[in-house]
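FYI, it's all coordinate maths here, none of it is from the lab. It should be emphasised that the depicted structure is a prediction, and the values quoted were computed from it without experimental measurement. Cβ: placed from backbone, ideal geometry, glycine included. Neighbour counts: every protein chain shown.
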Protein chains: 2
Amino acid sequence: MLSKKTKYAINALVYLAKGKRGEAIQISRIAESEHISRKFLEAILLALKNAGVLSSKKGMAGGYYLLMEPSEINIADVMRLFEGPIALLPCVSHKYYEKCEECKDETTCGIRNVFAEIRNETVNQLKKATIQNILDRENILEVAMKSK
Amino acid sequence: MLSKKTKYAINALVYLAKGKRGEAIQISRIAESEHISRKFLEAILLALKNAGVLSSKKGMAGGYYLLMEPSEINIADVMRLFEGPIALLPCVSHKYYEKCEECKDETTCGIRNVFAEIRNETVNQLKKATIQNILDRENILEVAMKSK
DNA sequence: ATAAACTCCTATTAATTCGATAGGATTTAT
DNA sequence: ATAAATCCTATCGAATTAATAGGAGTTTAT
């Protein structure tokens with residue numbers, strides 16, 4: 001399961017993507033709308049900023065705004081930022097590789113082989129899931145529900 | 001990432017599947033071979049027994065043995081047993097469903113829609129990954145390495 | 001200039017989960 | 001009987017997660 005940090009990050013990104021591009025939005029507005037602790041969200045937005053996803057404007061009328069296009073922000077990257085590796089085993093992670101303590105031979109390990117495949121498919125899937133993709137689905141679903 | 005519990009469970013299952021069917025193998029033998037704390041492994045095997053994957057024989061010359069076929073034991077079920085839901089959000093879990101605290105409308109939530117798809121594909125993938133599948137891969141890999 | 005309204009940053013805390021350990025009860029082959 | 005195994009419950013320390021606190025720094029309206 002996703003940690004609350006990751007979930008809140010996605011909520012905030014979707015919220016920002018729904019607003020006007022370039023317009024700075026204050027932490028407290030997002031926190032209120034999405035029911036997130038303001039101080040907790042503060043740390044999350046800061047991390048997204050340091051990762052280059054968001055940018056911010058300080059001072060009065062300041063706030064956060066998207067730096068990347070919603071179509072370029074994907075769940076895989078957001079998850080890596082807040083949860084660490086997507087791979088289920090350290091020995092199949094690209095960015096956080098670590099040898100399994102007592103693996104006799106990595107090249108012939110069936111477990112590793114299976115989990116390597118799982119990792120690859122999962123990453124592909126999570127990369128396809130962008131913020132833009134989420135917005136598009138929301139629109140489709142809303143239209144579909146109205147015509148019911 | 002998988003917890004050590006889940007990882008150890010898979011290691012133990014592969015170990016048991018490599019041995020003779022029906023033969024009871026002691027916890028300490030598995031623990032030694034796979035470098036797992038004996039007491040910790042005890043709890044893991046007990047859980048697998050209660051889940052109907054393993055069975056055991058008490059007393060002298062006792063131990064654990066597979067109750068299910070290696071081709072019927074899949075990673076999805078093992079993960080559910082030790083990690084809980086496979087879904088990344090509670091609102092898209094089948095077996096552990098929970099409403100998201102502040103979701104205005106579940107039927108039009110784009111986030112939910114995306115993560116529902118991710119869940120389905122992930123479950124399919126993890127169900128295909130059986131213990132038998134791991135053994136098969138190991139054999140293939142070993143043959144391939146020898147001919148190098 | 002100054003005060004208000006923001007972000008930025010570090011530290012702390014409370015609660016939960018994870019990995020491991022301890023010890024005795026129960027069962028069974030010899 | 002006894003030795004060797006599983007069964008079961010309880011506990012503990014460490015790590016992680018979620019949240020809070022407080023103030024330093026920055027910008028802007030007035």
request  = Write out the trypsin sites (Lys or Arg not before Pro) in segment A:17-52 meeting two conditions: DSSP loop, and at most 13 other Cβ atoms within 10 Å of their Cβ.
outcome  = A:Lys20, A:Arg21
query = Which FRET efficiency value, to the nearest 0.05, do you get for A:Glu32 and A:Lys127 by plugging their Cβ-Cβ distance into 1/(1 + (r/R0)^6) with R0 = 30 Å?
reply = 0.45
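Can you list which of the GluC sites (Glu not before Pro) found in segment A:8-87 are DSSP loop residues with at most 15 other C-beta atoms within 10 Å?
Numbers: sites: A:Glu23, A:Glu32, A:Glu34, A:Glu42, A:Glu72, A:Glu83; in loops: A:Glu23, A:Glu72.
Loop-located and lightly packed - A:Glu23, A:Glu72.
Any idea what the relative contact order of segment A:55-133 is, in percent, if you count C-alpha pairs under 8 Å spaced at least 6 apart?
Details: 77 pairs, mean separation 30.5, N = 79.
Computed value for segment A:55-133: 39 percent relative contact order.
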request  = At 7 Å along the Cα-to-beta-carbon direction for both A:Glu69 and B:Glu98, put a label point, then send me their distance in nm to one decimal.
outcome  = 3.8 nm
For B:Lys99, inter-copy label distances in nm, listed shortest first [label point 7 Å out on the Cα-Cβ vector] = 5.2
ask   = So, with +1 on the Cβ of K and R and -1 on the Cβ of D and E, and no other charges, what is the size of the charge dipole of chain B about its Cα centre, to the nearest 20 debye?
value = 640 debye
ask   = Taking the inverse of the average 1/r across all pairs of different Cα atoms in the protein assembly as shown, what Kirkwood radius in Å do you get?
value = 21.5 Å
request  = Indicate the gyration tensor shape class of segment B:35-148 (rounded, prolate or oblate), computed on the Cα atoms with a ≥ b ≥ c the square roots of the eigenvalues: a/c under 1.5 is rounded; otherwise a/b larger than b/c is prolate and the rest oblate.
outcome  = oblate
remark   = Taking a straight Cα-to-Cα line shorter than 13 Å from B:Lys104, and setting aside same-chain aspartates and glutamates fewer than 8 residues away, one finds A:Glu34, A:Glu138, A:Glu142
request  = Would you work out the relative contact order for chain A, in percent, from Cα pairs under 8 angstrom that are 6 or more residues apart?
outcome  = 24 percent
task = Using Cα pairs closer than 8 Å and at least 6 residues apart in sequence, work out the relative contact order for segment B:26-82, in percent.
result = 26 percent
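Please give me the summed charge of the neighbours of B:Gly63: other residues whose Cβ is under 15 Å from its Cβ, Lys and Arg +1, Asp and Glu -1.
Working: positive: B:Lys18, B:Lys20, B:Arg21, B:Arg29, B:Arg38, B:Lys49, B:Lys57, B:Lys58; negative: B:Glu23, B:Glu32, B:Glu34, B:Glu42.
Computed value for this residue: +4.
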request  = Take A:Glu117, project a point 7 Å from its Cα along the Cβ direction, then tell me which residues of segment B:117-138 have their backbone nitrogen under 15 Å from it.
outcome  = B:122-138
request  = Counting helices only, and only those DSSP H runs with n ≥ 4, report the 222 nm mean residue ellipticity of chain B as the sum of -39,500 (n - 2.57) divided by its residues, in deg cm²/dmol to the nearest 500.
outcome  = -17000 deg cm²/dmol
key: Assigned charges on the beta-carbon of Lys, Arg, Asp, Glu; segment A:1-59 dipole about Cα centre (debye)   = 80 debye
inquiry  = What are the extents of the Cα atoms of segment A:84-148 along their three principal axes, in Å, largest first?
reply    = 60, 20, 13
task = Kindly give the distances from A:Leu67 to its copy-mates, label point to label point, with each label point 7 Å from Cα along Cα→Cβ, as nm values to one decimal ordered shortest first.
result = 5.5
query = Using the count of nearby Cβ atoms within 10 Å as a rough guide to exposure, how do B:Met79, B:Met1, B:Met60 rank from fewest to most?
reply = B:Met60, B:Met1, B:Met79
query = What gaps in nm, shortest first, separate B:Lys128 from its twins in the other copies when you place the label 7 Å past Cα toward the beta carbon?
reply = 1.3
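To the nearest 20 Debye, how big is the dipole of the protein assembly as shown about its Cα centre, given +1 on the beta carbon of each Lys and Arg and -1 on that of each Asp and Glu? Each step should come with its number before you reach the end.
Numbers: 46 positive and 36 negative charges, 77 e Å.
Dipole size: approximately 360 debye.
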